[in-house]
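To keep things clear, I will list the structure first and then write my remarks on it.
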Amino acid sequence: MAKNKPEGYLSAKESRRISKSNRKITNAMEKKRKRKNVPESEYLTQMHDSKNAVEFDNLHTYFFTDAGVVKSVDGVTFEVPIGKTVGVVGESGCGKSVTSLSLMQLLQRPQGQVVEGEIRLNLGDKAYDVTKMPNSELQKLRGNFMSMIFQEPMTSLNPVFRIGNQVDEVISLHDGEGKTKEDIKKRTIELLEMVGIANSDGVYKMYPHELSGGMRQRVMIAMALACNPRIIIADEPTTALDVTIQAQVLDLLKNLKDKINSSIMFITHDLGVIAEMADYVVVMYAGRIVEKGTADDIFHHPAHPYTIGLMASKPVVGKQVDKLYSIPGKVPNPINMPNYCYFKDRCEMCVNGCDGDYPCEVSISETHKVSCYRYNEENKAKTEGGEA
Ligand SMILES: Nc1ncnc2c1ncn2[C@@H]1O[C@H](COP(=O)(O)OP(=O)(O)O)[C@@H](O)[C@H]1O
Ligand SMILES: [Mg+2]
């Protein structure tokens, strides 16, 4: 029996050993986080470019589980410029949500920990590294400086409170100083109208279950906008909605974007959605960024075989195909990542050198970066020549 254990099998003893060593690591990290009166100097930092709202720098976020360490985000570097929308794409499980939860510091603790790297947040006159901030300080930034729209509005709204009370609460918690109850209600109604809810007085008094999915998501968006945040993270905001409602919510976000002038980090597995929204695009695969650039770079000159595969697997209106392309194989096990390019086993465009270490990032242009051996100097001529 012991001889033919399935791959990834762990005995109870091994699992106990792992969880004991995990606890040691996470306890030490939690202890550090829970200290009182942390001096500001510990998390004060400097933006590399003052035009950025957020800079992710070599972020590593791991989950210490009983089955082993899941390297959900493993060295992610990108920035969100002020007033721009950055799309983060990649298939399910590639670490998009974990990246955004690392910014909000809403990871499932104690398993989930940022083990390396910085996330610099531009507060205007200064910058903070959120990964080193104590919880009490973070609480002051969440909601009014950065806010999040989640995928499933029903699970994010409280079913036993009226919509109006829930939006009121957000305002009074983060922006309520000197405001009377009437002021707050007025602001809530204003927000509900802004997100396209016509019967705002009626909806104010309704419970979440009385609204449709699209309406609930509008309420969530109103809540996220309540305190004029500088950064809005939209984590698959339209995935749980049906297609026509999806288009309406996207339109709403697009219109709001011009009005509120915040930076948006837009997370989705759907390239079509990104094309409508984003100024810049980051493509993630298995916890790393494989390609990033402007929307034009990614949509018109995709470079990484994974991005090319994603493009090919997207249905196009007016194009007749017998069978839609799908990328062969599956994502490697996040507990046991290979030491070569993570996409190699699925790649249909391998070249010399693909057996080597994980590829470094190569600049194709000022804005366009890719991690792939096809763009290393010696292979470049071949790929460019070979592309039809
Ligand atoms: N609380 C958790 N405990 C253990 N593993 C997790 C946890 N949350 C996420 N992961 C793992 O992290 C990886 C990235 O997840 P996620 O960021 O949610 O993916 P997505 O790109 O679909 O948003 C996945 O392999 C997932 O299994
Ligand atoms: Mg997700």
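The values are calculated or read from the model by the stated rules, or taken from the named source; none is laboratory data. As the structure is a computational prediction, the values presented were derived from the model and not from experiment. All Cβ positions, even for glycine, are placed from backbone atoms using ideal geometry, and neighbour counts span all protein chains on display.
Among the residues of region 85-112, write down those that are within 11 Å of ligand 2 (Cβ to nearest atom) and either touching a His at 6+ places or on another chain (Cβ under 7 Å) or not polar (S, T, N, Q) (or both).
At the first step, the residues of region 85-112 found to be within 11 Å of ligand 2 (Cβ to nearest atom) are 88, 90-101.
Scanning region 85-112 gives V88, G90, E91, S92, G93, C94, G95, K96, V98, L101.
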- Task: Just need a number here: residues in region 314-343 that are over 25 Å from A67 (Cα atoms), over 22 Å from the mean Cα position of the chain (by Cα) and surrounded by 12 or more Cβ atoms within 10 Å (Cβ to Cβ).
- Result: 2
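Looking only at strands (runs of 3 or more DSSP E) that fall completely inside region 51-145, which ones have 1 or more residues that are touching a helix residue (DSSP H, G or I) at 6+ places or on another chain (Cβ under 7 Å) and away from ligand 1 (no atom under 16 Å from the Cβ)?
Working: elements: 52-65, 68-81, 85-89, 112-122, 127-129.
Result: 52-65, 85-89, 112-122.
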- Message: Can you pull out every residue in region 181-205 that is of a type in the set (A, V, I, L, M), closer than 19 Å to I260 by Cα and in a loop (DSSP other than H, G, I, E, B)?
- Response: V195, I197
- Per-region count, region 37-50, residues farther than 14 Å from K132 by Cα and touching an Asp or Glu at 6+ places or on another chain (Cβ under 9 Å): 3
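Only one residue in A381, A388 is modelled with pLDDT under 80 and outside any helix (DSSP H, G or I). Which one? Please lay out each step first, then the result.
Values: A381 fails: outside any helix (DSSP H, G or I).
After ruling out the rest, the residue left standing is A388.
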- Message: Looking at region 189-204, I want the residues that are free of Cβ contacts under 8 Å to residues at least 40 places away in the same chain and in the same structural domain as A224 (by TED's automatic domain parsing) and have a partner that is of a type in the set (V, I, T) and in a helix (DSSP H, G or I) with Cβ atoms under 7 Å, at least 6 apart or on another chain. Which pairs are those?
- Response: L191/V167; L192/V203; I197/V203; S200/I189; D201/I189
- Query: Which of the residues belonging to region 289-308 are over 12 Å from V86 (Cβ atoms) and either touching a strand residue (DSSP E or B) at 6+ places or on another chain (Cβ under 7 Å) or not acidic (D, E) (or both)?
  - Reply: V290, E291, F299, H300, H301, P302, A303, H304, P305, Y306, T307, I308
- Of the residues V115, V130, which is within 30 Å of Y306 (Cβ to Cβ) and either of a type in the set (S, T, Y) or in contact with a Phe, Trp or Tyr (Cβ under 7 Å, 6 or more places away or on another chain) (or both)? V115
